[in-house]
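Asker: Once you've had a glance at the structure underneath, I'll fire off some questions.
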Amino acid sequence: MIKPKVLLTRAVFPDVIARLAGYVEVETNQDDIVFSEQELLQKMQGKQGVITPSSARFSAGLIAQLPELKAICAMTVGYDNIDVAACEARGVVVTNAPDVLNQTTADFAWALLLSTARRVTESGQWLRDGQWKKWQIDGFLGADVHGKTLGILGMGRIGQAIARRSMGFDMQVIYHNRSRLTEQEEAYANHAVYVDKEQLLAQADHLILMVPYSAATRHCIGAAELAMMKPGATLINVARGGVVDDAALIAALRNRQIAAAGLDVFENEPQLNPDFLSLSNVVLTPHIASASESTRRAMLQCAVDNLIAVLRGEAALNPVHS
Ligand code: 8YV
């Protein structure tokens, strides 16, 4: 029997290739080249399936030129890099990798929140630069986390896992979301209280963004929203670049309109706005919120399971729709 042909757009753990090879003919990219759209078009010729993280863009134009394609399986929870409507129109199944990264991503949101509020990377750099000569009563004063109000914009499964962790810090949780959670979900999420977006911005001491990227959420935090936040507030983005207007955030951080930000995602990453680098009140990480080995393996496994199901003519486990 002829095996379906599949592309892995980026490098993966080698044992995953061996497992996939039992079902499909795999073209790998263990040199981990980030393909241009033209290269992707060429690599995708004759392929029925593809497994990809969010670095490869599947536009309507590209999809139109891939008549044999049956499945695009994202190894990520976000799938804003894929034109899902164009796929649906062509009968191409799109899947993502939900849930498997919830807890690891929630852990990392807290890592960013704590290091941002308590100036961990900034003071560490100062120490490495040889500037630590004496203890000072007002050295690196940060913002308290315990007992404060945690705001969450986008209260899906990851947002709820972030909120739950705030119990240990005796925080009050407020959130805004497209729809209100059930009473049971709110109780799980440290008794989170639903508020409108303006209240969320005005009342949060620490605001974590967890909304997926879409035309509707693009720049949902811009100059106007930053102006509504408390002067001592911190902003954490582990969601997607483009949810925040980075130029507006840079201005707000420079003017100390808000105290600090912790960012794992950026507009136009990895070519982030260089002005971020000159600011001491921002913690910057290279899109690693889901980066633990077991979670990255689980994300990949989820994509593999979806791909094999679709190519066998079975229902996808995690289909997404436009
Ligand atoms: C990925 C993510 O690591 O799942 C997602 O949507 O943002 C991360 O887990 C990232 O997309 C790498 O491409």
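The values are calculated or read from the model by the stated rules, or taken from the named source; none is laboratory data. This structure is a prediction, so every number in the text was calculated from the model and none was measured. No Cβ is skipped: glycine too gets one built from the backbone with ideal geometry, and neighbour counts run over all protein chains shown. Each accessible area value is taken on the protein alone, full model and side chains, heavy atoms only, with ligands, DNA and RNA left out. Shrake-Rupley method; radii C 1.70, N 1.55, O 1.52, S 1.80 Å.
Asker: Quick one: VAL211 ticks every box in (1) outside any helix (DSSP H, G or I); (2) open to solvent by 30 Å² or more (accessible area, probe 1.4 Å) except a single one, so which number is it?
Answerer: Exception for VAL211: condition (2).
Asker: While we're looking at this one, here's another question. Report yes if LEU249 is modelled with pLDDT of 95 or more, closer than 19 Å to ARG119 by Cα, away from the ligand (no atom under 16 Å from the Cβ) and not in a loop (DSSP other than H, G, I, E, B), otherwise no.
Answerer: yes
Asker: Restrict the check to segment 1-15 and report whether at least one residue is under 30 Å from ALA260 (Cβ atoms) and not in a helix (DSSP H, G or I).
Answerer: The answer is no, given that none of the residues of segment 1-15 is under 30 Å from ALA260 (Cβ atoms) and not in a helix (DSSP H, G or I).
Asker: A follow-up question, please. Can you tell me which residues in segment 55-97 are modelled with pLDDT of 95 or more and under 18 Å from VAL16 (Cβ atoms)?
Answerer: Kept after step one, since they are modelled with pLDDT of 95 or more, are these residues of segment 55-97: 56-97.
Within segment 55-97, ALA56, ALA71, ILE72, CYS73, ALA74, MET75, THR76, THR95, ASN96, ALA97 meet the criteria.
Asker: In the list ALA86, ALA143, which residue meets the criterion of being open to solvent by less than 60 Å² (accessible area, probe 1.4 Å), more than 18 Å from the chain's Cα centre (by Cα) and outside the structural domain of ASN306 (by TED's automatic domain parsing)?
Answerer: One residue alone meets the criteria, ALA143.
Asker: Which number in (1) aliphatic (A, V, I, L, M); (2) buried (at least 17 other Cβ atoms within 10 Å of the Cβ); (3) farther than 28 Å from ALA97 by Cβ marks the one condition that LEU311 misses?
Answerer: (3)
Asker: Quick one: which strands (runs of 3 or more DSSP E) lie wholly within segment 16-82 and hold at least 3 residues that are surrounded by 19 or more Cβ atoms within 10 Å (Cβ to Cβ)?
Answerer: 49-52, 71-74
Asker: For PHE108, all conditions in the list (1) without any contact (Cβ under 8 Å) to a residue 60 or more places away in the chain; (2) open to solvent by 30 Å² or more (accessible area, probe 1.4 Å); (3) over 19 Å from ALA316 (Cα atoms); (4) within 16 Å of the ligand (Cβ to nearest atom) hold save one; what is the number of the exception?
Answerer: (1)
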